Amino acid sequence: MKIKITIFLIGLSISSFAQFGNIQRSIERKTKKHYEEKGEAIGEKHATEAANKGMQSTSDGIDKLVAWEDEQLADEKIFIDTNFIEYTDIQWQRLRFVSGENVIFYDKPFNFEEDEKAPSSWYINGKSKGEVQVNRLDQGKIIIVSADGFLTPKIENVEQDYLPDNFTLEFDFMMPVVPFSKPFSIYFYAKDEQQDNNLAPIKINQNVVTYKDSSGYYPVIANDENGMSNWYHLSISYNKDFLQIFINERLMVTYKEDINPTGFTIDYFAIAPIFYKNFLIASNQKPIIDQINSGVFTTYDIDYIAYKNRLSGMSSSILSKVAKQLNDDPDLKLDIDVYFSQFDNDDENKKYGEEKTTAIAKTLLAMGVNVTQINMKFKGSVKQKPGSEDNLKSEVVYFRKG
């Protein structure tokens, strides 16, 4: 859920987590009610019309979705990211980030995490103890941090160098714009678990990314009509000596340097709380078509936002890359298996899981894919449990050659 910036500025001290929890729950109820009353999102409406038109004739043009703004608008002060992409837009053909194939660390956080408790998959260090907790926002869990400190993921053999020469790192974050706000930093070693390797940190301050002497600026996403702020998706690709940093799929920084990342830590000074979710560290990054040809392309980033009745923006970015493969090769057919596990209730997971499956199909059709190229199946939900390998399937989507 998106958070009103003004709420952070009224009576929110670093130690007032209990008060913040009450505010957060109130915001969630109001926002959920807003979207339920609003009904079907505009983007989904366009997708439905486009899909219906595509069913009738896949050879003509398909009615466009709400267009993704072109990269040429990067200098605009206000950037409305509608998170839906017109299938003919060259923008989505430029998207270059692909998650690694082999998962090293994955944390949503999961449903078994207790509200207002510390996340179990992280080492919590420094002054942040007691100021880090899991809570529910939208229909999923998030990590909230305040004060200053750092987070290090609990990874098997964390004391050793667990990052290979080819890896990807990504997560979603939301931080308010407040006076004297400070960036959080990403360090390429596991603090308190590994020796400092003296690598320069990556600094992130909402829409600004800085690494050494290089900076990238993502256009500020406009608040919606209720003044709600937005999530950003940060993704990092490292391949031997080639570092790339993206925000919302836009390339911010490219740096060629022979470094040896050994681990991962988020270091922060949160004057107002910062929110995190959807962490994924993976190795063996290679093109989607190569993954499909070798067996399966697996993604953990396709989220269905139930009360908005639509896919997330990152979902459309990923699907656009799949659509490109299908459009480039009309003979390519994919079996697509979908999982959905955001709720504790099985009936809710089934209902929204089936809607997520339909939304994926509609979006692919709206991007120009022929209906005969995709075979969609909702495979079910997963009961998330501490230490279970099945947790990886909780929101996964598999693309296999048909």
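The values are calculated or read from the model by the stated rules, or taken from the named source; none is laboratory data. In this text the structure is predicted, and so the values were computed from the model without any measurement. Note that we place each Cβ from the backbone using ideal geometry, even for glycine, and neighbour counts take in every protein chain shown.
With under 13 Å from F279 (Cβ atoms) and modelled with pLDDT under 90 as the only criterion, which of G140, G126 stands out?
Numbers: G126 fails: under 13 Å from F279 (Cβ atoms).
After ruling out the rest, the residue left standing is G140.
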Task: Pair list, Cβ under 6 Å, 6 or more apart: the range 174-195 residue closer than 14 Å to Y162 by Cβ and modelled with pLDDT of 80 or more, other residue of a type in the set (G, A, S) and surrounded by 20 or more Cβ atoms within 10 Å (Cβ to Cβ) - done: Y189/G263; A190/G263; Q194/G263
- [ ] Could you figure out which of (1) out of contact with any Asp or Glu (no Cβ under 9 Å at 6 or more places or on another chain); (2) aliphatic (A, V, I, L, M); (3) at pLDDT below 95 isn't true of A306?
- [x] (1)
- [ ] Among the residues of the range 268-288, count how many are surrounded by 17 or more Cβ atoms within 10 Å (Cβ to Cβ) and within 15 Å of Q325 (Cα to Cα).
- [x] 1
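Go through the range 286-402 and tell me which helices (runs of 4 or more DSSP H), entirely inside it, have 2 or more residues that are under 23 Å from I104 (Cβ atoms).
Details: elements: 288-293, 313-328, 346-366.
Per the criteria, 288-293, 313-328.
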Task: Complete set of residues in the range 248-267 that are buried (at least 16 other Cβ atoms within 10 Å of the Cβ) and either outside any strand (DSSP E or B) or not assigned by TED's automatic domain parsing to the domain that holds K154 (or both) - done: N248, E249, P261, T262, G263, F264
